């Protein structure tokens with residue numbers, strides 16, 4: 001009798017245990033079902049919000065066409081995935097689908113420490129990366145890929161020891177050009193030669209460093225005299241050196257505002273003195289003035305205004321010098337074609353793009369702001385190599401043989417400041433510049 005009682009009690013205990021497990025499973029399932037429904041409602045809300053954001057992006061004409069196409073492609077892939085999930089839900093039914101999702105979530109969390117939200121975040125991160133990469137490629141701009149060999153050509157590049165100038169020396173040297181590197185610091189120029197040799201295999205015998213300080217007219221004249229003794233011709237002159245955001249009004253030893261002389265007057269004098277050598281180039285000497293889109297912000301190139309301390313401004317002073325670079329190319333083209341019939345010499349200006357270079361000599365910016373904004377600067381600015389592409393295009397491309405007096409950006413012609421379209425204004429600037437440099441106005 002006692003054994004029967006024990007057996008009954010044991011059976012009742014097992015029944016109670018099974019009933020409790022069933023209740024627990026039902027409760028867990030209901031809880032998971034509620035949780036799933038809540039998640040589903042939130043996902044639906046998020047999906048509508050995302051679709052609206054995507055719709056706005058696709059209609060945003062300020063974004064490049066290839067980026068909008070990429071966003072559209074990713075959106076279609078996401079829609080396909082959602083359709084597959086919805087099909088699975090219909091086949092299984094809501095209750096079974098919810099149970100499988102909840103069980104899958106529990107297993108992934110318990111066994112792998114992983115959650116489906118991580119997949120969502122990973123996908124979002126991947127999409128962001130792809131979009132940012134596409135934007136970065138767009139910022140890089142056009143690349144000069146024309147197969148050109150300039151064996152035997154002679155070039156001069158100012159500001160050749162760093163930034164765009166250094167990349168131009170590398171590209172020209174690798175195309176068998178003999179490059180004279182006009183540098184303010186000979187030691188820095190020699191260090192650049194060693195770097196280009198060790199990193200890229202450039203020929204050191206075709207990279208000649210010469211001292212040339214654009215803030216000193218006598219230094220420019222000495223550079224030209226030495227070059228004339230060594231070479232019979234000049235095929236390419238790239239007026240690249242420059243300064244930007246100089247913090248205060250400063251005069252050079254020649255009595256001119258520093259940014260104006262560094263960016264424009266110094267190059268003007270250099271070009272004038274080298275014109276006879278450029279005329280001797282068999283294929284036509286090419287002059288490339290590295291200007292900037294900032295020239296569009298200039299108010300004037302009148303020497304009285306440019307040289308006035310009270311009219312100095314960090315940005316506008318830079319813009320004036322860059323407008324003068326463009327106007328110089330226009331005026332020089334007219335003079336050459338008028339006074340030297342049959343001359344093949346060409347002169348063009350260009351915007352290299354917004355490049356992260358050493359042009360900025362504002363100590364506060366270089367020491368603090370530039371370091372803080374380094375990641376952003378890398379993303380929104382071109383590299384030196386990217387910035388060298390348009391000047392390189394103007395120096396070597398067969399597509400623009402004979403083209404002169406134009407302004408280019410990303411290897412294509414662009415519109416210019418109204419003053420650069422005014423031939424009379426360009427002529428006045430040219431005559432004023434001859435006077436400022438102490439040159440004979442009848443020389444050209």
key: Residues that are out of contact with any helix residue (DSSP H, G or I) (no Cβ under 7 Å at 6 or more places or on another chain) and surrounded by 15 or more Cβ atoms within 10 Å (Cβ to Cβ), drawn from the range 192-220   = 208, 216, 219
query = For the range 384-420, how many residues meet the condition of being without any contact (Cβ under 8 Å) to a residue 60 or more places away in the chain and surrounded by 15 or more Cβ atoms within 10 Å (Cβ to Cβ)?
reply = 2
task = Quickly run through the range 242-262 and pick out the residues that are surrounded by 24 or more Cβ atoms within 10 Å (Cβ to Cβ) and modelled with pLDDT under 95.
result = 242
query = Does at least one position in the range 249-262 carry a residue that is more than 20 Å from residue 438 (Cα to Cα), in contact with a helix residue (DSSP H, G or I) (Cβ under 7 Å, 6 or more places away or on another chain) and touching a residue at least 60 places away in the same chain (Cβ under 8 Å)?
reply = yes
request  = List the number of the failed condition for residue 399; all other conditions in (1) under 27 Å from residue 217 (Cα atoms); (2) assigned to a helix (DSSP H, G or I) hold.
outcome  = (1)
query = In the range 282-322, what residues are under 24 Å from residue 183 (Cα atoms) and in contact with a strand residue (DSSP E or B) (Cβ under 8 Å, 6 or more places away or on another chain)?
reply = 285, 286, 287, 288, 289, 290, 291, 292, 317, 318
ask   = Which residues, taken from the range 273-321, are without any contact (Cβ under 8 Å) to a residue 24 or more places away in the chain, more than 25 Å from residue 224 (Cβ to Cβ) and not in a loop (DSSP other than H, G, I, E, B)?
value = 297, 304, 305, 310, 311, 316
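Yes or no, residue by residue, for (1) at pLDDT 95 or above; (2) farther than 23 Å from residue 172 by Cα:
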| position | (1), (2) |
| --- | --- |
| 285 | yes, no |
| 296 | yes, yes |
| 302 | yes, yes |
| 306 | yes, yes |
| 315 | no, yes |
| 321 | yes, yes |
| 327 | yes, yes |
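The values are calculated or read from the model by the stated rules, or taken from the named source; none is laboratory data. Not measured: the values here are computed from a predicted model. Note: ideal-geometry Cβ built from the backbone for every residue, glycine included; neighbour counts use all protein chains shown.
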